[in-house]
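Student: The structure under discussion is supplied below as C-alpha cells; questions concerning it will follow.
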Amino acid sequence: MNKLLAVLTQFFWKHVKIYGILLDNLIFGRYKKFKLYNFVFLNYLRKSEKSHLLKEDYLYKLISQISLHFNPNFYAEFSFLKKYFSTGILMLQYPNQFAKYLITLSKYNIKSYLEIGTGLGGSFITTVEYLMKLNPEFQYAIGIDRLHYISMQIYAQFNDRVDYIIMDTRSSAFKEFIRKCPHFDLAFIDSSKSYEECLRTFEIIKTNIKMVAFHDILQKEVDAVWNHIKDLYSNEYSLLEFTDQCLKRGQYLGIGLIIKKE
Ligand SMILES: C[S@@+](CC[C@H](N)C(=O)[O-])C[C@H]1O[C@@H](n2cnc3c(N)ncnc32)[C@H](O)[C@@H]1O
C-alpha cells in the first residue's frame, strides 16, 4: 500500500512539474530567451533520412536551421545564415565545425554521452538527437552545468534517456559523481575556459571515457590545453580537429576530439 502511494505521489509531482513548466512558458515565454516552441525545430532532424544526416552539406544546413545562436560577430560574412539566427535551440558552435564533428561521431558505436557545460542545451540536444537517430542502441546521456537552464530541464523531462545535473566541476561532488558514474563512450567539455579548470576536468573524467571532445581549441587557454594534450597523449589517443571557419579573418571556436587507441 505504502509503495503504491509512493509511486502515485511521484507520478503526480512529475506531472505537476511538467505542466508547471509548460504553463510558465506559455505565460512568460515571450520575455525569455528560450521559448518552448524552439523545440519544434528538432523535427527537421527527427524527420531527416539517416543517409542525409551523413552528408556534410545537408547536416551543415540542418544544424543552422535547428540550432544557431545569434552572434553577429561570428557570422558576419555568412549573411545567408541570418534568417536562422535565434530561432532554434540556440547552440554556441559553428555549424560547419559541428557538422563534420557529428559525421565523425557517426562512425563509432556511441551509446552513452556526457556533456560538461551544456548552457541552454544547443550542442547537447543536437548531439543526443543525432546519436539517437543514427544509433537505435543509444542508451543514455547526461548534461552538466553549474547554472540551471530551463530548456535543459524541459528536454530532460521529455527524454527518458537524458539526465540533467546542476553541478560545478570544481566541487568535490563532481569528482565523486564521476567516480561512481557508469562508463561513457563520449564526453564533450565546454565549461570553464581556464587552462587549469579545463585540464583538471579532463584529468577527472578521462579514465571513464573512450572519446573526449574539447570545445574552443582555437581560443586562448583552451588552445594551451589542447596543445598539452597533443604533446602528452598522442601515443594513447588518436587526435582530430574540426576548425573550419565562418569568417575570412581570425580563427574562432574549434573542436578537438581524442579517441582512445584500442
Ligand atoms: C559556452 S557555454 C556552453 C555552450 C553549449 N555547450 C553550446 O555549445 O550550446 C559554457 C557553459 O559552461 C558552464 N560552466 C562554466 N564553468 C563551469 C563549471 N566550473 N562547472 C560547470 N559548468 C560550468 C556555464 O555555466 C555555461 O553554461
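The values are calculated or read from the model by the stated rules, or taken from the named source; none is laboratory data. The model shown is predicted, which means the values in this text are computed figures rather than measured ones. Here Cβ is always computed from backbone atoms with ideal geometry, including for glycine, and neighbour counts include all displayed protein chains. Each accessible area value is taken on the protein alone, full model and side chains, heavy atoms only, with ligands, DNA and RNA left out. Shrake-Rupley method; radii C 1.70, N 1.55, O 1.52, S 1.80 Å.
Student: With helices defined as uninterrupted DSSP H runs, which ones in the chain have an alpha carbon span along their own long axis of at least 27 Å and mean Kyte-Doolittle hydropathy of at least -1.0?
Tutor: 2-28
Student: If you don't mind, there's one more thing I want to ask. Would you compute, from DSSP H runs of 4+ residues alone, the mean residue ellipticity of the chain at 222 nm, taking -39500 (n - 2.57) per run and dividing by the full residue count, rounded to the nearest 500?
Tutor: Calculated from helices alone, the mean residue ellipticity at 222 nm is -13000 deg cm²/dmol.
Student: Now a separate question. Carbon-plus-sulfur fraction of the accessible area of the range 102-203, 1.4 Å probe, in percent?
Tutor: Using a 1.4 Å probe with all protein chains present, the range 102-203 comes out at 52 percent carbon and sulfur.
Student: If you don't mind, there's one more thing I want to ask. Relative to the present Cα-Cα distance, how much length would full extension add between TYR44 and THR9 at 0.36 nm per residue of separation?
Tutor: Numbers: separation 35, 0.36 × 35 = 12.60 nm, distance 3.64 nm.
That pair, TYR44 and THR9, stretches by 9.0 nm at full extension.
Student: Considering every pair of different Cα atoms, what Kirkwood radius, in Å, is found for the chain? Don't jump to the answer; show the numbers that get you there.
Tutor: Details: mean 1/r = 0.0517 Å⁻¹.
Over the chain, the inverse of the mean reciprocal pair distance is 19.3 Å.
Student: Taking 0.36 nm per residue of separation and subtracting the Cα-Cα distance, what length does fully extending LYS133 through ALA173 add?
Tutor: Numbers: separation 40, 0.36 × 40 = 14.40 nm, distance 3.22 nm.
11.2 nm is the gain from fully extending LYS133 to ALA173.
Student: For the pairs LYS55/LYS230; LYS175/LYS206; LYS107/LYS175; LYS47/LYS111; LYS206/LYS260, note any where the Cα-Cα span goes beyond 19 Å.
Tutor: Those over the limit are LYS55/LYS230; LYS107/LYS175; LYS47/LYS111.
Student: Keeping all protein chains in place, calculate the accessible area per residue for the chain (probe 1.4 angstrom), answer in Å².
Tutor: Per-residue value: 52 Å².
Student: Give the calculated FRET efficiency between HIS148 and LEU232 to the nearest 0.05, with a Förster radius of 35 Å applied to their Cβ-Cβ distance.
Tutor: 0.50
Student: State the antiparallel share, in %, of DSSP beta bridges confined to the chain, rounding to the nearest 5.
Tutor: 35 percent
Student: Using a 1.4 angstrom probe and counting only protein chains, how large is the accessible area of SER171 in Å², to 10?
Tutor: Counting only protein heavy atoms, the figure is 40 Å².
Student: Under the Karplus relation 6.51 cos²θ - 1.76 cosθ + 1.60, θ = phi - 60°, what is the ordered set of whole-Hz ³J(HN,Hα) values for the range 110-120, x standing for Gly and Pro?
Tutor: Going residue by residue, I get 8, 10, 8, 9, 10, 10, 10, x, 7, x, 5 Hz, with x marking Gly and Pro.
Student: Evaluate the relative contact order of the chain (contact order divided by residue number), counting alpha-carbon pairs under 8 angstrom at least 6 apart; express in whole percent.
Tutor: 16 percent
Student: Please work out how much length the chain gains when fully extended from GLN251 to ASP160, using 0.36 nm per residue of separation minus the C-alpha to C-alpha distance, in nm with one decimal.
Tutor: Result: 29.0 nm gained on full extension.
Student: I've got another one for you. Per residue of the range 252-262, what does 6.51 cos²θ - 1.76 cosθ + 1.60 with θ = phi - 60° give for ³J(HN,Hα)? Whole Hz please, x for Gly and Pro, Karplus curve as stated.
Tutor: Couplings: 10, 6, x, 10, x, 10, 10, 10, 4, 6, 5 Hz.
Student: Just the ratio, please: alpha-carbon radius of gyration of the range 106-188 over 2.2 N^0.38 Å, N its number of residues.
Tutor: That works out to 1.04 for the range 106-188.
Student: Let me ask something else about it. So who's got an amide H within less than 5 Å of the one on PHE188, skipping anything under 5 residues away but keeping other chains? H placed 1.01 Å off N, in plane.
Tutor: When sequence neighbours closer than 5 places are left aside, the close amide H contacts are LEU114, GLU115, ILE116, ALA213.
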